[in-house]
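Heads up: the structure comes next, in structure tokens.
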Amino acid sequence: MAEWLERVDRTLVTTALEQSWPSEGPVLFLGEWCRRFSRRKRWVDLDAEIVPYHWDDRDRLDADYVYIANCYERLLADLSTSLNDLHDIDRSPRFWRILTGPWLGSFVSMAFDRWRMVEEAVSRTDLNGTILLDGLAHAVTPSDMRDFENLFVTDEWNHHLYGRVLEELGGVQIEHRDYTPVIEENSPEAVVETGSWRYGLLSKYSRLAHRLSRRGDVVLQAPYLRPTDELSLHRRLGQVPILWSMVEQPWERFEPGDRPWAMNGEPIDRFEAFVRSTAVTQIPCAYVEGYQRMQEMVDEASWPSDPKVIFTSNSHIGNDMFKFWSADRLERGSKLMIGQHGGTYGTARRSFPEDHEVAISDRYLSWGWDDPNRDWIKPVGQLRGFSPLGVDHGCQPHALLVTAGLPRQSYSFVSAVVASQWLQYLEDQFNFVERLTPELRETLVVRLAKEDYDWDQAGRWQDRWPNIRIDNGQMIMRNLLTQSRVYISTYNATTFLESLAMDIPTIIFWRPEHWELRGTAIGPFEELSQAGIFHKSAESAADHLSDIWSDVDAWWGDRKVRSAIQNFNYQFNRRPADLVGAVTDEIWDLVRNH
């Protein structure tokens, strides 16, 4: 049973939209996402309580992952038949999983999170009402998956979803008010790393060379290979080298219309009934109103018409045009090969992106890990070909601390910090700095995520550590790395895989309860821990940095450390002797045996 907060009638506030805050009286903030750091003068003196975040209980998170995964599968099956009926077609379940699965999986997870948080609020205190804003520009139905990705991080979209939950659950008095858009000052934009003249030539070449492609060519669409490796792979496959990601494809924006239809199937509980009805109003227009035009654009696309294999690492989540085209070609006999893109894959205990990618692929290329229950996962090795930078890191002046940027509210199911837990994550970074000597702090460069998600991370750092050197994501990462003696990774993602592949002295730290590992990854990480690379607390990592700073080379060159790195890289970050050859072999094996 939820522990009651102070028994005072409070107005429920669901987001940081201050027009939905009461002008007076006690407030119940649904989460830390309501309280912008840059607006702390507005809320610091309020009589306010904050609802504890339900997924701070990670056992509950594990149980909910199973529930949400099962709910997703039921809804996907029923949505597939519903869309077939709506469009009078007979597409396969796999087609709809490829096209709509990334959106549906994220939406179900988000809706469940918002539903549970409202339940938590109602169960913990007396509420005298809430204010819902009408006329929110970002509460619209998304045009496509990329539009959805832009919308779900906004307070407007989340405020609308919370409103739907409150209306469904009832029991809380709702006052409706018109929303007046607020024009905020633009925050400084990060410097975009522009492409080289070689990149420009490759782009022009590819736009011309695609006319020489054959209908049965293997399509390489954003495979996460270096451009030189991608062109080499084309040559080994005996086809005209083309960087298909540089070839423009047709696209349009779609607008929602009336949707007087309901999803097929019957819900098993009240939440599922809610998410079924809400999904019909929120499903991207590309899958409903724009479906016929999408089919026409697929027929207009420049990709080969009958590819043997379609290989991608980056276009199977947010690129609806590619997803539609590839799903359409799979129904005609093509095969789909997906390559791992970055970290958490093979290591995280929970990962909807991994589950989805493996499920839709005929072959999945991992960076070293495998799974006996999913034998189409092939451990080819890391695809990007990271290699040492050719500098003596032991002589460099800086320690580089790289931090994570995550949305203020949950958005996808991965073993990671969720929503307000990001503040605990940030506190760990502050504790790391606190533990360092003043001399070592002077060497530190803190690299912030380019995307702030309105956490106001730069302001928080300036407030807590005003003299620490901060990079707001503006410097080219390679330049930072070449000046770093030690690279410090603070979350489970691609960052430390890259630094280990580049043989940069690396320290990793995070709370185990925030970034849970699957059973097969615990041993390799424990070996990194014994070597002083992986730490389960900020304080331990800071102490180790202090111990090895004066002679990093001695630590990094130690036999035990080298062995731990070699073993870890083989399992999760393998570097094949002939990467292009290994990928070529997997493609031809897929063609021959499937």
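The values are calculated or read from the model by the stated rules, or taken from the named source; none is laboratory data. All values reported here derive from a predicted model rather than from experimental measurement. Neighbour counts are summed over all protein chains in view; Cβ atoms, including those assigned to glycine, are modelled from backbone coordinates with ideal geometry.
Summary table below
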read-out	value
Scope region 509-528; condition out of contact with any strand residue (DSSP E or B) (no Cβ under 7 Å at 6 or more places or on another chain) and assigned to a helix (DSSP H, G or I); matching residues	Gly519, Thr520, Ala521, Ile522, Gly523, Pro524, Glu526, Glu527
Residue within region 379-394 that is more than 19 Å from the chain's Cα centre (by Cα) and among the charged types (D, E, K, R) present	yes
Any hit, region 153-171, residues being surrounded by fewer than 20 Cβ atoms within 10 Å (Cβ to Cβ), modelled with pLDDT under 95 and β-branched (Val, Ile, Thr)	no
Residue in region 234-245 that is in a loop (DSSP other than H, G, I, E, B), surrounded by 16 or more Cβ atoms within 10 Å (Cβ to Cβ), under 26 Å from the mean Cα position of the chain (by Cα) and not small (Gly, Ala, Ser) present	yes
Selection status of Leu133, on the phi < 0 side of the Ramachandran plot, part of a strand (DSSP E or B), in contact with a helix residue (DSSP H, G or I) (Cβ under 6 Å, 6 or more places away or on another chain) and modelled with pLDDT of 95 or more	yes
Test: residue in region 454-474 that is part of a helix (DSSP H, G or I), under 19 Å from Gly342 (Cβ atoms) and either of a type in the set (A, V, I, L, M, F, W, C) or touching an Asp or Glu at 6+ places or on another chain (Cβ under 6 Å) (or both)	no
Residues of region 356-368 satisfying the condition of being over 22 Å from Leu481 (Cβ atoms) and under 20 Å from the mean Cα position of the chain (by Cα)	His356, Glu357, Val358, Ala359, Ile360, Ser361, Tyr364, Leu365, Ser366
Test result for Glu18, out of contact with any Ser or Thr (no Cβ under 9 Å at 6 or more places or on another chain), surrounded by fewer than 17 Cβ atoms within 10 Å (Cβ to Cβ) and modelled with pLDDT under 95	no
Any hit, region 33-46, residues being in contact with a strand residue (DSSP E or B) (Cβ under 6 Å, 6 or more places away or on another chain) and not small (Gly, Ala, Ser)	yes
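Every residue, every condition in (1) of a type outside the set (Asp, Glu); (2) out of contact with any helix residue (DSSP H, G or I) (no Cβ under 7 Å at 6 or more places or on another chain); (3) more than 24 Å from Val418 (Cα to Cα), yes or no:
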| site | (1), (2), (3) |
| --- | --- |
| Asp454 | no, yes, no |
| Trp461 | yes, yes, no |
| Pro512 | yes, yes, no |
| Arg518 | yes, yes, no |
| Gly523 | yes, yes, yes |
| Ser529 | yes, yes, yes |
